[in-house]
Structure formats: structure tokens, C-alpha cells
Amino acid sequence: MTLRRAHLFTAFVLLVFLAAHIANHLAAVTGPASHIAVMEALRGVYRHWLVEPVLLLAFAVQVVLGLRLLVRARHSVSGLVGWVQLLSGGYIAFFLLIHVGAVFTGRIMLGLDTNFWFAAAGYQAGALILWFVPYYFLAVMALFAHLACAAFWLSGGTGSRSRAWFVSLSAAGIAVSGTITAALMGAFEPFEIPPAYLETYSAFL
Ligand code: HEM
């Protein structure tokens with residue numbers, strides 16, 4: 001199997017988790033309780049002792065394969081779609097290393113339930129909001145942009161159908177990411193973060 005095909009194959013497996021993960025964050029539009037309820041239901045699957053190690057291994061494999069493709073393509077990349085693909089892929093790899101590391105640090109070392117409050121606390125961590133807004137916003141946007149590039153190539157890589165895939169998925173990324181950011185910041189339903197989640201950021205408050 002070529003590197004590109006292996007990357008594509010793993011992506012289809014990961015997409016199942018990612019679709020659920022993004023839908024989970026969208027549930028925050030109706031408030032923290034809905035987000036927490038959806039996450040608890042989903043955890044029954046992705047945190048299962050047989051599923052979680054496979055999921056995390058698949059993400060690690062995907063990042064390694066993606067970075068190898070990125071290194072290989074870096075001198076020959078051209079055109080808008082090519083550049084969006086390279087930059088969004090690079091950002092996803094960067095984000096995943098920090099994100100999964102942070103989730104497991106919160107869960108194992110800080111003993112926190114890494115739920116809605118864990119995600120939303122960053123937005124109320126003083127000056128760190130300047131990090132968290134672009135950090136999460138770009139992550140969801142990069143994911144959709146990367147999928148938009150894949151859809152562009154898989155639908156022929158030329159013509160109006162391919163362009164329509166690219167534009168509509170990229171635009172959906174901006175809309176979904178903006179909605180999740182607003183929900184986590186309490187724009188739809190105001191909330192107070194439990195103190196235990198803000199303690200980790202006390203140096204910035
Ligand atoms: C606004 C954007 C995002 C937020 C707020 C967010 C938040 C979270 C939270 C709170 C968890 C812990 C879940 C739990 O304890 O059950 C988590 C886990 C995870 N997230 Fe995200 N996430 C976001 C986007 C993403 C994206 C774009 C990716 C992938 C490209 C991703 C990949 C993962 C992975 C692999 C895990 C670990 C799952 C596990 O516990 O086994 N996340 N995320």
C-alpha cells in the first residue's frame with residue numbers, strides 16, 4: 001500500500017470518532033449539561049479498554065504518515081488546494097500532539113474529568129484566552145479544510161464539482177468552528193467554570 005493510500009484508509013477509520021467528537025462539541029450550543037451528557041454516552045465507546053488504545057495508535061500512525069507525506073511534498077506543492085492541504089495537515093499534527101497530551105495530563109496527573117469544563121476553562125484563563133481561541137478554532141477549521149482538500153482530489157481534482165466540494169467543506173469548517181468557539185465561551189448559555197478547572201491556570205488569573 002502506498003503512503004497516500006494508507007493515510008487515506010486510516011483517515012476513514014478516524015473520521016467516525018471525529019464526527020462524533022465534533023458533534024459532541026456542537027451540543028454545547030444547548031449548554032454544558034448537554035455537552036457532558038453526549039460525552040458520557042460517547043465515552044462508553046471510545047474509552048472502552050479495547051477501543052481507546054487502537055484509536056490513539058491510529059491517530060499516532062496517521063500523524064507519522066501525514067508528516068512523511070508533508071516532508072515529501074514540501075518542495076513540489078503548488079496551487080491553493082495543495083498549500084491548504086499541507087498547512088492544515090501540519091497544524092492538525094501540531095494540535096494533536098498538544099491536545100492529546102493535555103487531555104491525558106488533565107485526566108491522569110491532575111485527576112480531572114476532562115469534560116466540557118476542561119475544554120471551556122481555557123477561555124476563562126486570563127491572558128491564555130489569546131492562545132485558546134486560535135488553538136481550538138484553527139483545529140476544527142484545519143480538520144474541515146483537510147477534508148475539503150481530500151474531497152477535491154477524490155472528486156477528480158479539477159472542474160466545478162471538485163471546487164464545490166472544496167469551497168463548501170471549507171465554509172462549513174468556518175461555521176462549525178465559530179459555533180463551537182462561541183458555545184465554549186458561553187455565548188449561547190452563560191455558565192460558571194468549577195474552581196478545580198481554573199486552578200491549573202492560577203498563574204494567569
Ligand atoms: C474545539 C475543538 C476541540 C475541543 C474543545 C476538544 C476537546 C476534547 C476533550 C475535552 C477531550 C477529552 C474527552 C474525554 O475525556 O472523554 C478530547 C479528547 C480528544 N480529542 Fe479533542 N477537542 C477538540 C478538537 C479535536 C480535534 C480537531 C481532534 C483531531 C484532529 C481531536 C482529537 C481528540 C482525541 C484523539 C482525543 C482523545 C480521546 C480519548 O480520550 O481517547 N479533538 N478533546
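Sort out which residues of segment 188-201 are of a type in the set (A, V, I, L, M, F, W, C) and within 14 Å of the ligand (Cβ to nearest atom), and write them in order of number.
Ile193
Here is a list: Leu69, Leu26. Which entry is among the aliphatic types (A, V, I, L, M), touching a Lys or Arg at 6+ places or on another chain (Cβ under 8 Å) and more than 9 Å from the ligand (Cβ to nearest atom)?
Leu69
Read through the list (1) within 14 Å of the ligand (Cβ to nearest atom); (2) out of contact with any Ser or Thr (no Cβ under 7 Å at 6 or more places or on another chain); (3) more than 22 Å from Phe188 (Cα to Cα), then give the number of the only condition that Ala58 fails.
(2)
Mind listing just one residue for me: the one in segment 125-134 that is touching a Phe, Trp or Tyr at 6+ places or on another chain (Cβ under 8 Å) and open to solvent by 40 Å² or more (accessible area, probe 1.4 Å) and, of those, farthest from the ligand (Cβ to nearest atom)?
Taking the candidates together, the pick is Ala127.
Look at segment 137-153 and say how many of its residues are under 24 Å from His21 (Cα atoms) and either open to solvent by 40 Å² or more (accessible area, probe 1.4 Å) or basic (Lys, Arg) (or both).
Total meeting the criteria: 5.
Starting from segment 126-145, keep only residues that are without any contact (Cβ under 8 Å) to a residue 24 or more places away in the chain, then list their pairs with residues that are within 11 Å of the ligand (Cβ to nearest atom) and not charged (D, E, K, R) whose Cβ atoms are within a distance under 8 Å, requiring at least 6 positions of separation or different chains.
As it stands, the answer is Ile129/Gly122; Ile129/Tyr123; Trp131/Gly122; Phe132/Gly122; Phe132/Tyr123, since those pairs meet every condition given.
With the requirement that a residue be away from the ligand (no atom under 11 Å from the Cβ) and not in a helix (DSSP H, G or I), what does segment 89-118 give you?
Within segment 89-118, Leu110, Gly111 qualify.
State whether one or more residues within segment 158-178 are in contact with a Ser or Thr (Cβ under 7 Å, 6 or more places away or on another chain) and open to solvent by less than 20 Å² (accessible area, probe 1.4 Å).
Yes, because at least one residue in segment 158-178 is in contact with a Ser or Thr (Cβ under 7 Å, 6 or more places away or on another chain) and open to solvent by less than 20 Å² (accessible area, probe 1.4 Å).
Of all residues in segment 75-117, count the ones that are of a type in the set (Gly, Ala, Ser), open to solvent by 30 Å² or more (accessible area, probe 1.4 Å) and under 23 Å from Ala171 (Cα atoms).
2
Counting only residues that are without any contact (Cβ under 8 Å) to a residue 40 or more places away in the chain and exposed (fewer than 12 other Cβ atoms within 10 Å of the Cβ), how many does segment 188-205 have?
5
I need every pair where a residue in segment 161-177 that is farther than 17 Å from Asn24 by Cα has its Cβ under 7 Å from the Cβ of a residue that is surrounded by fewer than 13 Cβ atoms within 10 Å (Cβ to Cβ), sequence separation at least 6 or different chains.
Sorted first by the residue in segment 161-177, then by its partner, the pairs are Ser162/Gly156.
The values are calculated or read from the model by the stated rules, or taken from the named source; none is laboratory data. All of these numbers come straight from a predicted model, not from anything done at the bench. Neighbour counts run over all protein chains shown; Cβ positions are idealised from the backbone, glycine included. Side chains included, ligands, DNA and RNA excluded: accessible areas come from the protein's heavy atoms. Shrake-Rupley method; radii C 1.70, N 1.55, O 1.52, S 1.80 Å.
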